[in-house]
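Everything on this sheet refers to the single structure shown next.
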Amino acid sequence: MTLLIIIAAIVALLLWYALQGRKWLKSKPWTEGFFAWIEPIEIALYKKSETILWARLRMVVGVLLTVLTYLGTIDLTPLMPFVPDQYEATIKALFNLLPLTISLLGMIDERLRNGTTLPLEIVAAPDAMTPKVAQAIAVAADAKAEAVAAVTEETKKV
């Protein structure tokens, strides 16, 4: 049980960091040294993307829950008296699939994030748009392509 509490605390801390902690910490001058040290690690582990951080955290939690279930650390026996007998086998089967489901959701999140190429405002624009809006979207797409090419070229040098 202590292990689950530690895992929950780490997940909560990383969730806070992903949702608002990083942005808040970046606004403080006293964290410059921390971010100079942590930035290469962030790039290597999750490309400094809070969405990918959350997706990968989900994958790790799923794997940890699978291992803990396999080792018998997580036990449903105390909860089974509250479940009607006809549903007991189904609940146990679903519980055994829960860690895998959490990991798969993390993988789906990461794949979706890696496929995101435009800001949400552009994606949410209706198909029927004025020529001015269409031109602005084309300019944004060109600028994005140039920026990606420049970053890719620069990172190949390093």
Where Leu79 falls short, out of the listed (1) over 11 Å from the mean Cα position of the chain (by Cα); (2) at pLDDT 80 or above: (2)
Every residue from segment 82-116 that is of a type in the set (A, V, I, L, M, F, W, C), under 20 Å from Leu65 (Cα atoms) and within 13 Å of the chain's Cα centre (by Cα): Ile102, Leu104, Leu105, Met107, Ile108
Matching entry among Lys23, Lys28, Lys47 (being of a type outside the set (A, V, I, L, M, F, W, C) and at positive phi): Lys47
Qualifying residue in segment 137-149 (condition: of a type in the set (Val, Ile, Thr) and either at pLDDT below 85 or under 30 Å from Leu3 (Cβ atoms) (or both)): no
Qualifying residue in segment 118-125 (condition: part of a helix (DSSP H, G or I) and surrounded by 13 or more Cβ atoms within 10 Å (Cβ to Cβ)): yes
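So that you can scan it fast, the table gives a plain yes or no per residue for (1) surrounded by fewer than 14 Cβ atoms within 10 Å (Cβ to Cβ); (2) under 19 Å from Thr101 (Cβ atoms); (3) in the same structural domain as Leu112 (by TED's automatic domain parsing):
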| site | (1), (2), (3) |
| --- | --- |
| Ala12 | yes, no, yes |
| Trp24 | yes, no, yes |
| Ser27 | yes, no, yes |
| Phe34 | yes, no, yes |
| Glu39 | yes, no, yes |
| Glu42 | no, no, yes |
| Leu45 | yes, no, yes |
| Leu53 | no, no, yes |
| Arg58 | no, yes, yes |
Exclusive hit being modelled with pLDDT of 85 or more and assigned to a helix (DSSP H, G or I), set Ala18, Ala12: Ala12
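The values are calculated or read from the model by the stated rules, or taken from the named source; none is laboratory data. Computed from a predicted structure; not experimentally measured. Cβ atoms come from the backbone with ideal geometry, glycine included; neighbour counts cover every protein chain shown.
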